[in-house]
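A short write-up of the structure that comes next.
A short reminder: the numbers here are calculations on the coordinates, not readings from a lab. This structure is a prediction, so every number in the text was calculated from the model and none was measured. Cβ coordinates were reconstructed from backbone atoms using ideal geometry, including for glycine residues, and neighbour counts include every protein chain displayed.
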Amino acid sequence: MKKYLFVDLDDTLFQSPGKCGADADLHPAAFLKDGSACSFSTARQRALLAMMQREMTLIPATARNRDAFGRVGIAFSDYAIVDYGGVVLAPGGEPDPFWLARMGAAMQAALPGLERIRQLIDDFSAQAGLAGRARIIEDCGLPFYVVVKDPDKRDERLERLEREVAAPWCAAEGSDYFIHRNGNNLAILPNALGKAHAVEYVRAKLAAQHGDILTFGMGDSRSDARFMSACDYAIVPSGTQLARLALEAL
């Protein structure tokens, strides 16, 4: 039986230097456009990756766009899910045409809401003296979601934007959207967008090709739980947002 691991990347297989803790044996794992390393893997992460690569096929499921995914220093040979599930890359790296057409229709329908919440966040930030500005993340010619970061990485500022702008909007007029906040990222996404939808699509294609398969899901954030629950088993790195919610709170 073929085995597949659908795996998040950032904060799961590697992370920024500030999140690496006391581990001194760090290897570059992802890079900026100028070629400088921006994310690193620890010795334990590399040992886990090597073990997984021996036993199963890894399929990344990441919020990174195609460009940022291309700057990850890990070789993947099968499908890849990028843009938070908005784009499925077939083996070889080209977007799956059926999935792209499906998401194209859904994202065009979601665009007015994305533009509305982006404007609300920017208006509030300007009035409140907050430096962060929202932007709509696009790839392959499609809009996908709104994200805002705080330049000073002040969590309380993003928490305020979520509490006073994003949450009330979702409750009142944005019922077709949901909020994801983890670290220095506050994102508002259409319900039609999600890693879980893309994982279910890829899993069905793999099962049609290979028959019975065994699937694992691995991720660090609360939102990753959705795609992990679409797999047979779930793997959660310790010390992450999802671990705190699902394991440490017990």
For this session: Determine the distance separating the Cα centre of region 106-142 from the Cα centre of region 9-38; give it in Å without decimals.
Result: 28
For this session: Using only Cα atoms, figure out Rg for region 103-190 and give it as a multiple of 2.2 N^0.38 Å.
Result: 1.03
Seminar exercise, completed: Only helices counted: for the chain, with every DSSP H run of 4 or more residues adding -39500 (n - 2.57) and the sum spread over all residues, [θ] at 222 nm is -10500 deg cm²/dmol
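To check you understand DSSP bridge types, tell me what percent of the beta bridges within the chain (both residues inside) are antiparallel, rounded to 5.
60
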Seminar exercise, completed: Ranked by GNM mean-square fluctuation in the chain (Cα springs under 10 Å), the top entry among F40, F227, F98 is F98
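How big is D, in µm² s⁻¹, for region 54-96 by Stokes-Einstein at 37 °C and 0.692 mPa s if Rh is the Kirkwood radius over C-alpha pairs?
Taking Rh from Cα pairs, D becomes 316 µm²/s.
Given a Förster distance of 35 Å, report the FRET efficiency between A171 and F98 from their Cβ-Cβ distance, rounded to the nearest 0.05. Working shown, then result.
Working: r = 34 Å, r/R0 = 0.97.
Using R0 = 35 Å, I get an efficiency of 0.55.
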Exercise. So which lysines pass the test for K3, namely a Cα distance under 27 Å, with those fewer than 8 places away in the same chain ruled out?
Worked result: K195, K205
For this session: Please report E173, E156, E138 as a ranked list, fewest other C-beta atoms within 10 angstrom at the top and most at the bottom.
Result: E156, E173, E138
Problem set entry | Average Cα contact separation per residue, the chain, under 8 Å, 6 or more apart, as relative contact order % | 19
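Using the Cα atoms as the points, what is the convex hull volume per residue of region 29-159 in Å³?
142
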Exercise. In region 103-190, with Lys and Arg counted as +1 and Asp and Glu as -1 at Cβ, which of these residues, A105, P151, Y177, has the Cα nearest the positive end of the dipole, that is, farthest along it?
Worked result: P151
Exercise. What's the local net charge at L214, with K and R +1, D and E -1, over the other residues with C-beta under 9 Å away?
Worked result: 0
Seminar exercise, completed: Per-residue Cβ contact counts at 10 Å, fewest first, order S41, S77 as S77, S41
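Just to be sure I understand the rule: take each whole DSSP H helix in the chain, project its Cα atoms onto its long axis, keep it if the span is 24 Å or more and its mean Kyte-Doolittle hydropathy is at least -0.5. Which ones pass?
97-128
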Exercise. Can you work out D for the chain in µm² s⁻¹ from Stokes-Einstein, where Rh is the Kirkwood radius over C-alpha pairs, the temperature is 4 °C and the viscosity is 1.567 mPa s?
Worked result: 68
Exercise. Which three lengths, in whole Å and largest first, does region 74-145 cover when its Cα atoms are put on their principal axes?
Worked result: 47, 30, 14
